[in-house]
Each structure stands twice: as C-alpha cells, then as structure tokens.
DNA sequence: GGTTCAAGCGCG
DNA sequence: AAAGCGCGCTTGAACC
C-alpha cells in the first residue's frame, strides 16, 4: 500500500551505508522536502544536547562559572585542546547558535574582551613561502581574499564582486589544508576542469606559494618530519607509504602543520606575554579563554581602553614575521557582543 | 552499569 | 580509488 520512498544515495559512508551528512542532505533538499526538515531538526538538536542542556549542568558551584580543561599535549600541531566542557567550539556562525554564546557574560563592572589574530595562517604562509604577491598584499594591509580574487580574475581590488571574493576565500583556505582541485570543485560546486583552471591561475600569480608547497612535500619526504617557525616538529610516518591514500593524507598534514603549528606557537607566546603584562602593570584584567587564534579576557570596565592597547601590543609583538600581525579586538557584555 | 565504534557536527 | 587540516561531544547500536 506504500510506494517505495527511497531518496537517491549520493554518497556512502566508509562502512558502505548511505550518507546523510549535511552537504548530502543540502543537495537532496533541492529536489525533496524531507532533507530540509531533517537538517533543521539536526541544527536544533545539536545545540540543545551539546550546549543548552549541558553547559548549565557544568557550572562550578563554588565559582558559579564553567571551567574548561586545556590540554597541551594532545593536538599533533601544537594547538591546545579544550574539554569538559569544550569551550573552543561554542557556536558563532549562525544566529540561533550565537544565542548560546550570549550566555557567556562578564562579572559585574567588567567586560569581555575578545582579541583575535586576523588571517594568521595566511600571514604565516606568506612568511614561509616568501611569495612576493602575498607579502605585498599583507604589507599593504589589503583584504587578502579580495587581493587573491583580484589576481585570479584579473580585476582591480576594489572591483572584486562578492562571488569572486567567496571563491578566492575558498581557494585560500583550501591551500592551507592542502586541498586538491577535485576537493575545490566539490566545495564550490563547479566542474573539475574549472577548478583546475583556478588552481593553475592561482599558482601562476603566486609562484612562491607553489614552490613552498612542493618544497614542503619534498622536505617532509626527505626528513620524515616538518617544522614550525619555532622548531616544533610533526613527524609523518606515512609520508613514504606505498599506499597512495595514506601518503597523500600525510602530504596534506605536511602542508598544513607548519602553518597551523606556527600559529599555535605564536598565540602561546602571546598568552605568556599578555598574562605577564597584565600582572606587571597590575591591570584589573585576566585571560579567561583561548580559542586557537583568539584570547578572551575579563577586564574591569574602566580599564578597557588601556588594556586593549596593551593586549594588541603584546599579541602583535609575539612574533617577528616578514608581514605584520594584525589584531582585531572587540568588547562587550557577553562573548557574542565582543565579536 | 559500562565501553567502543560510527556518523555527524560544533569550532578555528 | 580517493579527493580538506586540527580538535571534542552527542546519539545510537553493539557488546560485555
């Protein structure tokens, strides 16, 4: 009595089951009604189970706050990780999720100050690759995605369209992760040939980046490890694997680790500098969280401006790269407002 | 009662 | 044949 109701299987999971991952359902939603409903449900269920229901249970009764644990020897790249609760994955990208971030508030008479490095990994790529175009884009304090779009599409920086910038941003992030033209095609929903063309044009405009990628793969293979600017090593046991899949995954880690790892080194240096500065100057301010490229401080309201200036100086001075480090600082009564 | 695995998804 | 790095948490199923 029921008709067969089977949505097309667009992808299978590693165990061979039909995938219902977000991007798959997103594509199915163009032709069927159910996937959108499932996606909406999932968004809310995730927020409720992970944050809304859980965080209040994790408030410490003595302090009235949630206290995370940071781990220094977990992430392969030298980042910190955060658990119980994880405060490094509090929602921000969508409005519904941001309501959870709004629950993180400062003590009476205080504000939350969020200070983050802008485009730190791309700046590190400029430093490591010595690419002239990338170095000059950061030296001129350009919007780097606009600068990339201008190069790739051959237009003036201020003539870049929103779509062109979005595409350039995807390319820039893809590069940091070692993405292939195939992955770029999938991400952008364009065909492989078009994606390959973008990559070719990118590397023609930024030859230093191309050289850096190739050199990094070669050195990883020769040494069995890659290093950050400060000498932190990531060993890559699979870099010479005969299994192509394993080897290519190791190559992507080799590309990414110097950038992600150097960023981790720099913010650790900054944390030490910021904390020391606050104590030395006896400022009513303290670092309360770290989220990879961001420090969150709780600052007595009347000290806001002076602390912001000091934090900016400490963070910007945490490394001397071939490009300046830029710091964005926001202030608010809650963590969302501080962005 | 507990653990482990797979799948999915929140963040940088 | 696969195809984008690094994490931690939740649910549901299988199992002890």
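The values are calculated or read from the model by the stated rules, or taken from the named source; none is laboratory data. All values derive from a computational prediction rather than experimental measurement. Heads up, the Cβs are rebuilt from the backbone with ideal geometry, glycines too, and the neighbour counts pull from every protein chain shown.
Among residues belonging to segment A:187-207 that are free of Cβ contacts under 8 Å to residues at least 60 places away in the same chain and in a loop (DSSP other than H, G, I, E, B), point out the one that is farthest from residue A:168 (Cα to Cα). Looking at residues that are free of Cβ contacts under 8 Å to residues at least 60 places away in the same chain and in a loop (DSSP other than H, G, I, E, B), I get A:191. Among the residues of segment A:31-59, just one is free of Cβ contacts under 8 Å to residues at least 24 places away in the same chain and in contact with a strand residue (DSSP E or B) (Cβ under 7 Å, 6 or more places away or on another chain), namely A:59. Here residue A:101 meets each of (1) under 21 Å from the mean Cα position of the chain (by Cα); (2) surrounded by 12 or more Cβ atoms within 10 Å (Cβ to Cβ); (3) farther than 29 Å from residue A:19 by Cα; (4) free of Cβ contacts under 8 Å to residues at least 12 places away in the same chain with one exception, condition (4).
I'm trying to understand the selection: among the residues of segment A:174-191, which are within 8 Å of DNA strand C (Cβ to nearest atom) and modelled with pLDDT of 90 or more?
The initial filter retains those residues of segment A:174-191 that are within 8 Å of DNA strand C (Cβ to nearest atom), namely A:174, A:176-184, A:186-187.
Answer for segment A:174-191, where residues must be within 8 Å of DNA strand C (Cβ to nearest atom) and modelled with pLDDT of 90 or more: A:174, A:176, A:177, A:178, A:179, A:180, A:181, A:182, A:183, A:184.
In segment A:137-171, which residue that is in a helix (DSSP H, G or I) and in contact (Cβ under 8 Å) with a residue 60 or more places away in the chain is surrounded by the most Cβ atoms within 10 Å (Cβ to Cβ)? Among those residues, the one meeting the criterion is A:138. Scanning segment A:85-94 for residues that are in contact with a helix residue (DSSP H, G or I) (Cβ under 8 Å, 6 or more places away or on another chain) and either more than 19 Å from residue A:53 (Cα to Cα) or at pLDDT below 95 (or both) yields no hits at all.
When segment A:76-125 is filtered for residues that are in a loop (DSSP other than H, G, I, E, B) and over 22 Å from residue A:328 (Cβ atoms), the ones remaining, listed by number, are A:76, A:77, A:78, A:84, A:85, A:86, A:103, A:107, A:108, A:109. For segment A:28-58, the tally of residues that are closer than 23 Å to residue A:287 by Cα and either near DNA strand C (Cβ under 9 Å from one of its atoms) or surrounded by 12 or more Cβ atoms within 10 Å (Cβ to Cβ) (or both) stands at 3.
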